[in-house]
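Everything on this sheet refers to the single structure shown next.
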Amino acid sequence: MNEVWGVTDAGYEILARTGLEKRLDDAIVRGHMGGFVEAGEVEELLQRARPERKEAAQNFLQGIKNPRPEDLFMVSGDVADAILTKEELQKPEQFGVHDLSELDGLLAAYVLSSRFDEFSRSYVWRSNGLKTSIAGYTDGDLHIDQMVLIPDVAQNPDGTQRLFARLPRFHIGADYSFWPVLAATALKYADTVGAEIQEAKNWREYLTSLGWDSKIAETSSWGVGFDSFAMFYFNTELAQIPDKTNVREIKKQFFGIMQPNADHETIYVPAIEADDQWLAFYSNRGAGEPVELAPYGTPLKFYPRVYIPKEDASHLFRGAVQGIMTGNSRTRPEFLAYMLWQHEQIKAGKSEEQISKEGEQFDRL
């Protein structure tokens, strides 16, 4: 976990209500956001700043020993100058903020937090005080970032809600082969707790809307896919917190375990929280209050990284599927389609043996 400048839920509400969020998105697409201010440029920043910005920057710098470029960007006013008119800059209160410096910080925090979503075709959503991004980097590896949008200190001294702050950010980085496992985990979780993923029910239409050519293929020995999904679905279980999934007792392994690329010491384990309302991704490396899970029969300490509420199971599924369908992963669409076909057969009440036999109709590529 690290902390980054980000917009709180209260800040997002203002940006959406005033139309500033759309203006920011348009400006980001055009690349009209200026650059970071380096530490050696502080004096120049203060000299060219409006009086109200100068005072805010000086107060800000007093509390930071070694300001970073992103810290100085927060008080530079570059974003506000890029998207607002001179008249709007003179009346910042019309946007629901106290003054120009608060507006500067809100807009800059939005741009900074958007940088974590800039990887090609990221899938991003906000809910339950969390902002989650699923993206594939250039090597196809799977990355999940989650920012907590409610800071520990949620209020300004006058009692109003803070619009931006240094916010906790958590990260999962798994090998490219785990994209279909993430989609499968969303399906397994939804089925276990009674959630509905409409896109999974209508997966043919959904994949077609994303460019699928209607081909279905069982994964070859070298292909990246999840051709053994049915076997894992029937013979493994999602972990539960507190641990009700002792593999020595139930004789089943954990479902959905993932690992980073070229790091065989770190593992991520998806687990259902006690009230079934959250799917949490735990890591055997981290900090904070650990829980004990025994994915291989021996209890180990695990630390929470990312939380997906029950009502967001569809977002988790869509994020994984869109990463595959838009080329962010190395999984071919026809292999994804085979996994979703297997899930369809499971939901229809067919056995693992029946699914395996009927799957022979599809070609191995």
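Observations on the model:
- Answer residue from the stretch 341-365, given it is of a type in the set (A, V, I, L, M, F, W, C) and outside any loop (DSSP other than H, G, I, E, B) and is farthest from the chain's Cα centre (by Cα) among those: I355
- Spans of strands (runs of 3 or more DSSP E) in the stretch 120-196 with at least 3 residues without any contact (Cβ under 8 Å) to a residue 40 or more places away in the chain and surrounded by 17 or more Cβ atoms within 10 Å (Cβ to Cβ): 142-148
- For the stretch 126-181, a residue qualifies if it is of a type in the set (A, V, I, L, M, F, W, C) and over 29 Å from F232 (Cα atoms), and the qualifying residues are L130, M147, V148, L149, I150, V153, A154, L163, F164, A165, L167.
- Among the residues of the stretch 66-94, those identified as touching an Asp or Glu at 6+ places or on another chain (Cβ under 8 Å) and within 25 Å of P157 (Cβ to Cβ) are L72, M74, V75, S76, G77, V79, A80, L89, P92, E93, Q94.
- For the criterion of being over 30 Å from V97 (Cα atoms) and modelled with pLDDT of 95 or more, E205 passes.
So that you can scan it fast, the table gives a plain yes or no per residue for (1) over 19 Å from K215 (Cβ atoms); (2) among the polar types (S, T, N, Q):
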{"position": "E311", "(1), (2)": "yes, no"}
{"position": "H315", "(1), (2)": "yes, no"}
{"position": "A320", "(1), (2)": "yes, no"}
{"position": "S329", "(1), (2)": "no, yes"}
{"position": "E334", "(1), (2)": "no, no"}
{"position": "W341", "(1), (2)": "no, no"}
{"position": "E344", "(1), (2)": "no, no"}
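- Scan of the stretch 262-292 for residues that are of a type in the set (D, E), surrounded by fewer than 16 Cβ atoms within 10 Å (Cβ to Cβ) and over 10 Å from P304 (Cα atoms), ordered by number: D263, E265, D275, D276, E292
- Among the residues of the stretch 296-316, the one identified as more than 17 Å from L130 (Cβ to Cβ) and crowded, with 21+ Cβ neighbours inside 10 Å is F302.
- Filtering the stretch 197-219 to residues that are in a loop (DSSP other than H, G, I, E, B), over 19 Å from A313 (Cα atoms) and of a type outside the set (A, V, I, L, M, F, W, C) leaves G211, D213, S214, K215, T219.
- Considering residues of the stretch 1-37 that are at pLDDT 90 or above and among the β-branched types (V, I, T) only, the residue farthest from P151 (Cα to Cα): T18
- For the stretch 126-170, the candidate set comprises residues that are among the small types (G, A, S), over 13 Å from the mean Cα position of the chain (by Cα) and modelled with pLDDT under 90; within that set, the residue that is nearest to Q259 (Cα to Cα) is G140.
- Candidate set from the stretch 60-86 (those that are among the charged types (D, E, K, R) and more than 18 Å from A27 (Cβ to Cβ)); member that is surrounded by the fewest Cβ atoms within 10 Å (Cβ to Cβ): K65
- Qualifying residue in the stretch 295-308 (condition: closer than 27 Å to L207 by Cα, touching a His at 6+ places or on another chain (Cβ under 9 Å) and in contact (Cβ under 8 Å) with a residue 12 or more places away in the chain): yes
- Only one of the numbered conditions (1) closer than 30 Å to W278 by Cα; (2) acidic (D, E); (3) at pLDDT 80 or above; (4) surrounded by fewer than 19 Cβ atoms within 10 Å (Cβ to Cβ) is not met by E93, and that is (1).
- Filter result for G297 (modelled with pLDDT under 95, part of a loop (DSSP other than H, G, I, E, B) and under 27 Å from P260 (Cβ atoms)): yes
- Contacts under 9 angstrom Cβ, first residue in the stretch 65-76 being free of Cβ contacts under 8 Å to residues at least 40 places away in the same chain, partner hydroxyl-bearing (S, T, Y), 6 or more apart: V75/S101
- Filtered by the rule that a residue be at pLDDT below 90, in a loop (DSSP other than H, G, I, E, B) and under 23 Å from D145 (Cβ atoms), the stretch 266-294 gives E273, G286, A287, G288, E289, P290.
The values are calculated or read from the model by the stated rules, or taken from the named source; none is laboratory data. In this text the structure is predicted, and so the values were computed from the model without any measurement. Using ideal geometry, Cβ is built from the backbone for each residue, glycine included, and neighbour counts are taken over all protein chains shown.
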